[in-house]
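Colleague: If you scroll down you'll find the structure; I have some questions about it.
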Amino acid sequence: MRKILLLTLWCFVISLQAEAQTLNKLRLEQSLDMETVADPQLSPDGSEIVYARTWIDKMNDSRETDLWIMSANGSKNRFLTKGGSPRWSPDGSRIVYTAQGEPKGTQLFLKYKGTEGSTQLTRLEKSPSNITWSPDGQHIAFTMMVPAKDPWPVKIPGKPEGAKWTTEPKFVSSVQYRRDRVGFVEEGYVHIFVLPAGGGTPRQVTQGNWDHGTSGISWTRDGKEIVFSSLRIPEAEYAYRESEIYAVNISTSLVRQLTTRKGPDNAPVVSPDGKLVAYTGYDWTDDTYRDAQLYVMNIDGTGHRSLTASLDRSPGGLTWAADNSGIYFNAQNEGSGNVYFAPLKGNLKQVTQGKQMLTMSSMNTTGLAVGVWSDSKNPGDVMSFTVANPKPTRLTNVNEDVLSTVQLGEVEEIWYTSVDDFKIQGWIVKPPDFDPKKKYPLILVIHGGPHAMYNLAFNFTWQHHAAEGYVVLYTNPRGSTGYGSAFANAIKNAYPDKDYDDLMKGVDEVIRRGYIDEKNLFVYGGSGGGVLTSWIVGQTDRFAAASVNYPVINWISFVGTTDGSSWYRNFAKYPWEDPTEHLKRSSLMYVGNVKTPTMLMCGVNDLRTPISQTEEYYQALKMLKVPTVMIRFNEEFHGTSSKPSNYLRTQQYLYYWFGQYKR
């Protein structure tokens, strides 16, 4: 009897252990409890940090953003107000931010430090961006789109009083137009506005039929001018987008030009002493991608020179050293992100070190900096470091409540050699209960862009794939950023092409490790990843199932329907001049080879890779009797997961589809 009781007790303990192990794996519904942080801003005296914190409203299927504030050491972390894009006044007494206001839409609000309540400063018709305080704290500058006026003075006669006629059409007469999320067209240009810090009517200080300040604006030290970049699209040169740096006098609206070369110049930042301007740019080529360089020039536009000619990585988030000695900036390299320093005299140096994704967003005059940090096991959190001691200190842990008891999968970095002796970087995510003696199904995930970079930061989706028992592989094939201009431009006039080989070599590399079930390989990707997934199933049947998400499958029909007008640059000629390459690179031309069960997912309001692309591929697969299904996501644009519920659907549909075709 005692043996029976012991045996029963032992079985019960083993059952509890197994149940505990199952419960410790990441669950899909936990995505609804995840939060993100962004845009931490350090007060001028370095005592406090205000930052944006986004959470999921489960009842209304939306993501909401609040502002939180804490001491610089991470203590006293607390809710401040609803809103985003916080910016401290120069004296640190006030914070201007954006939030939903009256009568509707995003407005500017002002909050005094240490007081209750906020003041709505604006009643704008369009959303403000690039909010910047004047040096004396008396004005706030921002950018906003100004709708173009109907250029034809045509009046429609005969409308009876009180009649309900169809809404007037949108008038498009230039190449500079925008397509909104429900498909209609709005012509207009972005301009710079100045608003008294105490409220009032914003005053437009730039004019003209081109965009001003979209990459950021910066006040001169005397507060008389605003330095900005201007994007101009000449009618005769639809292909070439010219941007230069200018300065506008806020009183007279007189504009002076500071750069003149043929090439995009952006993101100007005036030095603390007001004598120099830092900015990013590069000389124009017909490459599909070029890494920008960091330049400086005198405030009068003379003395242009590069400070990062040796880096071949794009700088961002430019921040001057308080003593005017150089510029700090963020840059991504081989799956990591770190902070660098470019001195006016001397050699470029990397400030922060390590395999991490670290982005600095604010620095004060003492060299204390704050930003967002993440690695493979930790979602993004607010961090700080000093120039003297650049090791980041984590100040928040906003997802500890979700992940503290969860067993995550190990993430392993790999490098392998592809065709043309290209060195390709990738990562393997293993199930949390991984056993190298077992065989696991593999999911290959492909990024979009195609000029983009997967990195080693925490990714909920891939960790959940691993929790569901899959090994996950994600890589940066040629065309990816973070490896230099030549690597990114290797797909010029050849997309898709050898990037396919890069992906397949990665799959082979993981298979060689001995723990992959070769019969059960799966693949999916969205946008540029959808392009390559549809290409893959037209070239090989080694995958058990695939999901082609919001893809381009027909470059000819795509060119005239996308809102991304520069896409034609992937080809040497327009399709009406010579469609040969457009056809050669279109996966629709290889659909007759497809044997792989292929699911299609797309947002019904997608304008970047219009749903008509998905429909074309679906019809072809159906005609060929290839197992397929098309899932059309409501309230989605370029993607399928902007709504929290649609993210859950995307993952569940993926697992169901792959599960149906497991061999």
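Each value in this text was obtained by applying a stated rule to the coordinates, not by laboratory testing. Note that the structure is predicted; figures quoted are calculated from it, not measured. For neighbour counting, all protein chains shown are included, and Cβ atoms are generated from backbone atoms with ideal geometry for every residue, glycine included.
Colleague: Could I have the simple spin-label model distance between Leu254 and Lys519, label points 7 Å from Cα toward Cβ, reported in nm to one decimal?
Modeller: It is 8.0 nm.
Colleague: Follow-up question, since we're still on this one. Between Gln652 and Lys573, what is the label-point separation in nm under the 7 Å Cα-to-beta-carbon projection?
Modeller: Between Lys573 and Gln652, the label points sit 5.0 nm apart.
Colleague: Taking N as the number of residues in region 28-84, what is its alpha-carbon radius of gyration divided by 2.2 N^0.38 Å?
Modeller: The reported ratio for this selection is 1.26.
Colleague: Which log10 I(q)/I(0) values, to two decimals, does the chain give at q = 0.07, 0.12 Å⁻¹ under the Debye formula with one point per Cα?
Modeller: Evaluating at q = 0.07, 0.12 Å⁻¹ gives log10 I(q)/I(0) of -0.52, -1.53.
Colleague: Something else: Where nothing but the Cβ of Lys and Arg (+1) and of Asp and Glu (-1) is charged, how large is the charge dipole of the chain around its Cα centre, in debye to the nearest 20?
Modeller: 900
Colleague: Which of the trypsin sites (Lys or Arg not before Pro) across region 435-511 are loop residues per DSSP, with 10 or fewer other Cβ within 10 Å?
Modeller: Counting only loop positions with at most 10 other Cβ atoms within 10 Å, the trypsin sites (Lys or Arg not before Pro) in region 435-511 are Lys437.
Colleague: Throw me the Rg/Rh for region 552-619, computed over C-alpha atoms with Kirkwood Rh, two decimals.
Modeller: 0.98
Colleague: Next up: Show me 362-369, 92-99 ranked by packing, highest mean number of other Cβ atoms within 10 Å first.
Modeller: In descending order of packing, they fall as 92-99, 362-369.
Colleague: What spacing in nm lies between the two simple spin-label points modelled at Asp433 and Arg542, each 7 Å away from Cα in the Cβ direction?
Modeller: 3.0
Colleague: Let me ask something else about it. Suppose every Lys and Arg Cβ carries +1 and every Asp and Glu Cβ carries -1, with no other charges. What dipole size does region 264-351 come out with about its Cα centre, to the nearest 20 debye?
Modeller: Dipole magnitude for region 264-351 comes out near 300 debye.
Colleague: Highest first, please rank the peptides 392-398, 430-436 by the mean number of other Cβ atoms sitting within 10 Å of their residues.
Modeller: Order by mean packing, descending: 392-398, 430-436.
Colleague: Sticking with this structure for a sec: Could you work out the longest stretch of the chain that avoids the GluC sites (Glu not before Pro) located in DSSP loops with at most 14 other Cβ atoms within 10 Å?
Modeller: 162-409
Colleague: With Cβ to Cβ distances under 11 Å as the rule, what net charge do the other residues near Val248 carry (K, R +1; D, E -1)?
Modeller: So the surrounding residues net to +1.
Colleague: By a straight-distance test (C-alpha under 17 Å), which lysines pair with Lys25 as possible cross-link partners, with residues fewer than eight away in the same chain excluded?
Modeller: Correct list for Lys25: Lys377, Lys430.
Colleague: To continue, here is another question. Quick one: work out the % antiparallel among DSSP beta bridges in region 407-660, nearest 5.
Modeller: 30
Colleague: Let me ask something else about it. Could you state the principal axis extents of the C-alpha atoms in region 264-351, from the largest down, to the nearest angstrom?
Modeller: Here the Cα extents, ordered largest to smallest, are 35, 30, 20 Å.
Colleague: Counting only other residues whose beta carbon sits under 12 Å from that of Leu358, what net charge do I get with K and R as +1, D and E as -1?
Modeller: Net charge in that neighbourhood comes out at +1.
Colleague: While we're here: Can you spot the aspartates and glutamates whose alpha carbon is less than 13 Å from Lys437's alpha carbon? Ignore those fewer than 8 places along the same chain.
Modeller: Excluding near neighbours in sequence, the set is Asp517.
Colleague: If you don't mind, there's one more thing I want to ask. With +1 on each Lys and Arg Cβ and -1 on each Asp and Glu Cβ, and nothing else charged, work out how big the dipole of region 407-660 is about its Cα centre, in Debye to the nearest 20.
Modeller: 320
Colleague: Could you work out the equivalent-ellipsoid semi-axes for region 506-663, taking the square root of 5 times each eigenvalue of the Cα gyration tensor, largest first, in whole Å?
Modeller: After scaling each eigenvalue by five and taking roots: 26, 20, 14 Å.
Colleague: Work out how much length Ser642 to Asp45 would gain on full extension: take 0.36 nm times their residue separation and subtract the Cα-Cα distance, in nm to one decimal.
Modeller: Net length gain for the segment: 211.2 nm.
Colleague: May I have the extent of the alpha carbons of region 472-534 along their three principal axes, as whole Å values ordered from largest to smallest?
Modeller: 35, 22, 16
Colleague: To continue, here is another question. So if R0 is 45 Å, what FRET efficiency would Asp420 and Ser325 give, r being the distance between their Cβ atoms, rounded to the nearest 0.05?
Modeller: 0.60
Colleague: For region 352-363, in order, what is each residue's ³J(HN,Hα) by Karplus, 6.51 cos²θ - 1.76 cosθ + 1.60 with θ = phi - 60°, in whole Hz (x at glycine and Pro)?
Modeller: 9, 10, x, 7, 7, 10, 10, 10, 7, 10, 7, 9
Colleague: Treat region 50-109 as a sphere of radius equal to its Kirkwood radius over Cα pairs and apply Stokes-Einstein at 20 °C in a medium of 1.002 mPa s; give the translational diffusion coefficient in µm²/s, rounded to a whole number.
Modeller: Result for D is 169 µm²/s.
Colleague: Further question on the same structure: From largest to smallest, what semi-axes in whole angstrom does region 499-598 give when each is the square root of 5 times an eigenvalue of its alpha carbon gyration tensor?
Modeller: 29, 13, 12
Colleague: Turning to a different aspect of this structure: With a cut-off of 8 Å between alpha carbons and a minimum separation of six or more residues, what is the relative contact order of the chain in percent?
Modeller: 8
Colleague: If you don't mind, another one. Only helices at least 30 Å long along their axis, Cα-based, and averaging 1.0 or more on Kyte-Doolittle count here, so list those DSSP H runs from the chain.
Modeller: 2-23
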